[in-house]
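Below: one structure, written as structure tokens.
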Amino acid sequence: MTIVKTTYGRRSFLKTSTLAGGGMVLGFSWLASCKPATAEEILSMPKEWFDINGFLKIGENGLVTIMSPNPEIGQNVKTSMPMIIAEELDIDWKNVLVEQAPLNTDIFTRQVAGGSQSIRQGWQGLRMAGATARKMLRQAAAEAWQVPLEEVTTEAGMLHHKNSGKSAGYGEMASAAANIPVPEEVELKDIKDFKIIGTSRKNVDGRKIVTGQPLFGLDYRRDGMLIAMIVHAPAFGMKLKSVDDSGARAMPGIKDVFTMNTYEEGYEMQWCDTAGFKEMVVVVGNSTWEVMNAKKSLKIEWESPADLESTAGHMTKMAEAGPSLAKVVRKDGDPEAAFKNAAQILERNYSAPFLAHNTMEPMNFFAHVTADKAELVGPIQTPESMEKSVAARLGLPLDKVDIQMTRQGGGFGRRLYGHFLVEAAVISRKMSAPVKLVYTREDDMTFGNYRPAYYVTYRAALDENKNLLAFHVRAGGIPESPIAANRFPAGAIDNYLAEEWAMESNISVGAFRAPRSNFIAGAEQAFLDELAETMGKDPIEFRLGLLERAKTNPVGDRNDYEAARYAGVLELVRDKSEWGKETPNVHRGVSAYFCHNSYVAQVMDLAIENGKPIVKKVHCAVDCGIVINPDAATNLAEGGIVDGIGHALYSAMTFKEGVPEQTNFDKYRLIRHSEAPKAIDVHFVKNEIDPTGLGEPLNPPIVGALANALYKATGTRFYEQPFLGSKQVLG
Amino acid sequence: MAIFNLNINGKKQQVDVDPATPMLWVLRDHLNLVGTKYGCGIAQCGACTINLGDIAMRSCQLPVSQVGNQAVTTIEGLSDDGDHPLQQAWLEHDVPQCGYCQAGQIMNAAALLKANPHPSDEEIEAAMNGNICRCGTYIRIKAAIKTASAG
């Protein structure tokens, strides 16, 4: 048993937790009126709820509502975060209802979906919230029964006192517990006593999803709500010159057409305000179809500056710029001398294009702004930051801006940047009406904060016996470098040099699932594969050898990975995949990477059939510490793998004179059913380490495994993404 | 504008809309059936899939004027209580991640199973290739369809 002080967010445990807007937890969410998705075995809803703390409330009949604090973008935190609370509360999961918590940073810390940090950073706080409530219930029982607290135990929603034989359900003690002062310290369960964590529980929204109930931002509606759409410049860098809206205004159902600056002069931009277009034309009307049509009838002139950007020359530009712009970010030993004295140098370049996030639910948000307050509802990964942006833009106090989170049809980083909330708010104020801003797919794809374009050069110096003398990485991109200079193989090689560079662009970029790692991992792991081959070594044994060095005698003291855990996933995937076993017409590639605090190793089994790459199986080993919800975690791992394969093989966002050349899924290639791996085996390392990230660490390494398997299948190394590009067939 | 009498999920529904309005927006904006999703508007992603009779249709490209009195089934009307074999199988395999595309996936699979009650892996892939899942739940979708088709 671990005893922890309830040190965090003490305000969160005030009995009647006041929420944004002054309401109580009960009935706050617009989704709360929907039929409960779980707890179907409970026949009736409680007559009364008792707030134990901001994270949960208990009904007089023992039903528990747990608030899920973080935005749900498909990573399944709406199920897994409440599981952690339920574990420490010691309640039967079937008696739990889950609600999306409102944005309230007095109660909930870090209400963000980003960096694969929800579970990792939520872990202690969620455990404490459950444990605190459990202790208060035990205290209530101890007082009611006049017995010592230490003798009151719990089991699955029941309180027991063995000596007197007394028992009560949580519901019976909830009222009294709600009036008990918050304990100074609470006991956390031993990991071996977990009953919910580590067992697979179904998605709490599953039934609503498969029956088409309203869940997403785009599904939200309000009486009197208008639909708004935007038109932005057709090219990054263009400015608005003139608008002829006479045709649009005359069309049925159209209420207004106007131009808007999302951020007025003097507005202080936060990082999450990143937006490729800040001036736009807005069309507002009664229904989506009417507004879509009116949009098409607008006659708009745009001014072109001289520096409109085309991606056609990007790779050449980056290849030429790298050496002249590079700055050293890490240097161990004397790499220059090692390269000078080398018997052989292996040098390879890798590149990847811009990518669009393409969440299946396009950007959208509901806003209702009145003279003294703003109410917003919709899909956003950074509600807390955007609350500040909306308040600043509207000139309202922070507590007069209320943001409610809906389930989100994907995030992948795109919804970290909430310019569409500000746009919706400005439009609603102008219209003096509730408004839902809706992006078409074309708006969404052409108004991206894209994954940057990257370029990296790897060099390795070998002596005449093929021993590795030095390693050099020089990585850059438009407009950022993907380098992580203190990750493997830094720390494993005596002479090591890492350099970075970056080039400007007026094309707007942002975080894309596993930022930077989503490129550099694949490039590095492909280079290590080619290096191992050059050295005549097995690619897994080669990596394990380097990791052994990093473990026993690391070079430098800034290495930000644990070599033993890194080696652990490689060994696990080696064993599970039966590495070394030959199967006719199946070609294998291996890869491993560390990011978002988690370790992943993968082996891909690839075949070429009718000239097309067919992934027969992916073997995957993951060390992300304690796994909360194994089957859901496996699902997320599968998704990351499919995502990584798809983008590396097929996807690219290109621009000509600033104009996006892909505007919808007819030209932008996403991976489809027949192209997905036929099977994925995910193996989690079992340990008692606090949980770490899972939403992002799976897709970076698979790009390397894919490149290495493609080489085995075709005899050709693949350096430029997308690997298939315009090629229709391989081999 | 024109009046259309529609047969949706076994219920008569009347709407007064522009005849060119796609069924997607008739369902979402005028009938408040928002289970059918907007994804691309050009029949490339499958999120808006409904059944017209027993056939899977992309409702974003289906003008209301072409529907007539044909039976329209949306995800809300696929079963009375979420107990269609596909819905059950989807829950059993815990398919969804974000969940946004899943209604379209299920409606497309429902038409597939009507036409071909026991499809092979290849037939499933071919029939489902027009439905994008950005989260990458393809393996589970296939497994769920196989479970439903085995029942």
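Before moving on, here are some points about what is shown:
- Out of A:679, A:713, A:648, A:637, sole residue that is touching a residue at least 24 places away in the same chain (Cβ under 8 Å) and away from chain B (no Cβ under 14 Å): A:713
- The sole residue among B:68, B:41, B:35 that is surrounded by fewer than 24 Cβ atoms within 10 Å (Cβ to Cβ), within 7 Å of chain A (Cβ to nearest Cβ) and not in a helix (DSSP H, G or I) is B:41.
- Residue ID - nearest to the other protein chains (Cβ to nearest Cβ), chosen from residues in the stretch B:1-13 that are part of a loop (DSSP other than H, G, I, E, B) and in contact (Cβ under 8 Å) with a residue 60 or more places away in the chain: B:9
- Members of the stretch B:96-112 found to be more than 8 Å from chain A (Cβ to nearest Cβ), out of contact with any strand residue (DSSP E or B) (no Cβ under 7 Å at 6 or more places or on another chain) and either farther than 16 Å from residue B:46 by Cβ or buried (at least 24 other Cβ atoms within 10 Å of the Cβ) (or both), listed by number: B:105, B:109
- Filter pass, residue A:418 being within 14 Å of chain B (Cβ to nearest Cβ) and at pLDDT 95 or above: no
- Index of the failed condition, residue A:133 passing every other in (1) open to solvent by 20 Å² or more (accessible area, probe 1.4 Å); (2) not in a strand (DSSP E or B): (1)
- Some residue of the stretch A:632-642 being open to solvent by 20 Å² or more (accessible area, probe 1.4 Å) and at pLDDT below 95: no
- Selection status of residue A:695, within 11 Å of chain B (Cβ to nearest Cβ), under 20 Å from the mean Cα position of the chain (by Cα) and assigned to a helix (DSSP H, G or I): no
- Taking the conditions (1) over 26 Å from the mean Cα position of the chain (by Cα); (2) open to solvent by 20 Å² or more (accessible area, probe 1.4 Å) in turn, residue A:500 satisfies each one other than (1).
- Taking the criterion of being open to solvent by 10 Å² or more (accessible area, probe 1.4 Å), farther than 20 Å from residue A:224 by Cα and more than 10 Å from every other protein chain (Cβ to nearest Cβ), the residues of the stretch B:14-32 that qualify are B:14, B:19.
- Count of residues meeting criterion [surrounded by 15 or more Cβ atoms within 10 Å (Cβ to Cβ) and of a type outside the set (Val, Ile, Thr)] in the stretch A:169-186: 10
- Any chance residue B:74 is under 28 Å from residue B:32 (Cα atoms), over 12 Å from the mean Cα position of the chain (by Cα), open to solvent by less than 10 Å² (accessible area, probe 1.4 Å) and touching a residue at least 24 places away in the same chain (Cβ under 8 Å): no
- Of the residues A:163, A:203, the single one that is among the polar types (S, T, N, Q), farther than 16 Å from residue A:52 by Cα, open to solvent by less than 20 Å² (accessible area, probe 1.4 Å) and part of a loop (DSSP other than H, G, I, E, B) is A:203.
- For the condition open to solvent by less than 30 Å² (accessible area, probe 1.4 Å) and more than 27 Å from the chain's Cα centre (by Cα), residue A:521 does not qualify.
- Complete set of residues in the stretch A:658-683 that are farther than 22 Å from residue A:352 by Cβ and open to solvent by 40 Å² or more (accessible area, probe 1.4 Å): A:666, A:678, A:681, A:683
- Residue-level check: of (1) within 12 Å of residue A:140 (Cα to Cα); (2) not in a loop (DSSP other than H, G, I, E, B), residue A:186 misses just (1).
- Candidates A:618, A:703 - the one that is in contact with a Phe, Trp or Tyr (Cβ under 9 Å, 6 or more places away or on another chain) and buried (at least 22 other Cβ atoms within 10 Å of the Cβ): A:703
- Some residue of the stretch A:308-317 being more than 14 Å from chain B (Cβ to nearest Cβ), of a type outside the set (Asp, Glu), surrounded by 21 or more Cβ atoms within 10 Å (Cβ to Cβ) and in a helix (DSSP H, G or I): yes
- Some residue of the stretch A:343-354 being open to solvent by less than 60 Å² (accessible area, probe 1.4 Å), among the aliphatic types (A, V, I, L, M) and within 27 Å of residue A:524 (Cβ to Cβ): yes
- Residue count, the stretch A:244-278 (criterion: in a strand (DSSP E or B) and open to solvent by less than 50 Å² (accessible area, probe 1.4 Å)): 5
- All of A:299, A:317, A:340 fail the test of being without any contact (Cβ under 8 Å) to a residue 60 or more places away in the chain and either out of contact with any Asp or Glu (no Cβ under 9 Å at 6 or more places or on another chain) or among the acidic types (Asp, Glu) (or both), apart from A:340.
- From the options A:285, A:171, residue that is within 14 Å of chain B (Cβ to nearest Cβ) and touching a strand residue (DSSP E or B) at 6+ places or on another chain (Cβ under 8 Å): A:285
- Complete set of residues in the stretch B:49-65 that are within 11 Å of chain A (Cβ to nearest Cβ) and either under 13 Å from the mean Cα position of the chain (by Cα) or within 26 Å of residue A:668 (Cα to Cα) (or both): B:50, B:60, B:63
- Selection over the stretch A:406-439 of residues that are open to solvent by 10 Å² or more (accessible area, probe 1.4 Å), in a strand (DSSP E or B) and not charged (D, E, K, R) gives a count of 0.
- Residue count for the stretch A:442-472, restricted to those that are over 24 Å from the mean Cα position of the chain (by Cα), in a strand (DSSP E or B) and either hydroxyl-bearing (Ser, Thr, Tyr) or surrounded by fewer than 24 Cβ atoms within 10 Å (Cβ to Cβ) (or both): 6
- The residues of the stretch A:567-615 that are hydrophobic (A, V, I, L, M, F, W, C), closer than 16 Å to residue A:699 by Cβ and open to solvent by 10 Å² or more (accessible area, probe 1.4 Å) amount to a single one, A:594.
- The selection criterion, being among the hydrophobic types (A, V, I, L, M, F, W, C), closer than 25 Å to residue A:276 by Cα and not in a helix (DSSP H, G or I), holds for residue A:376.
- A single entry from A:351, A:324 fulfils the requirement of being at pLDDT 95 or above, among the hydroxyl-bearing types (Ser, Thr, Tyr) and not in a loop (DSSP other than H, G, I, E, B): A:351.
- Any hit, the stretch A:254-262, residues being hydroxyl-bearing (Ser, Thr, Tyr) and without any contact (Cβ under 8 Å) to a residue 40 or more places away in the chain: yes
The values are calculated or read from the model by the stated rules, or taken from the named source; none is laboratory data. Source: prediction; values computed, not measured. Backbone-built Cβ (ideal geometry, glycine too); neighbour counts: all protein chains shown. Side chains are part of the model used for accessible areas, which takes the heavy atoms of the whole protein and leaves out ligands, DNA and RNA. Shrake-Rupley method; radii C 1.70, N 1.55, O 1.52, S 1.80 Å.
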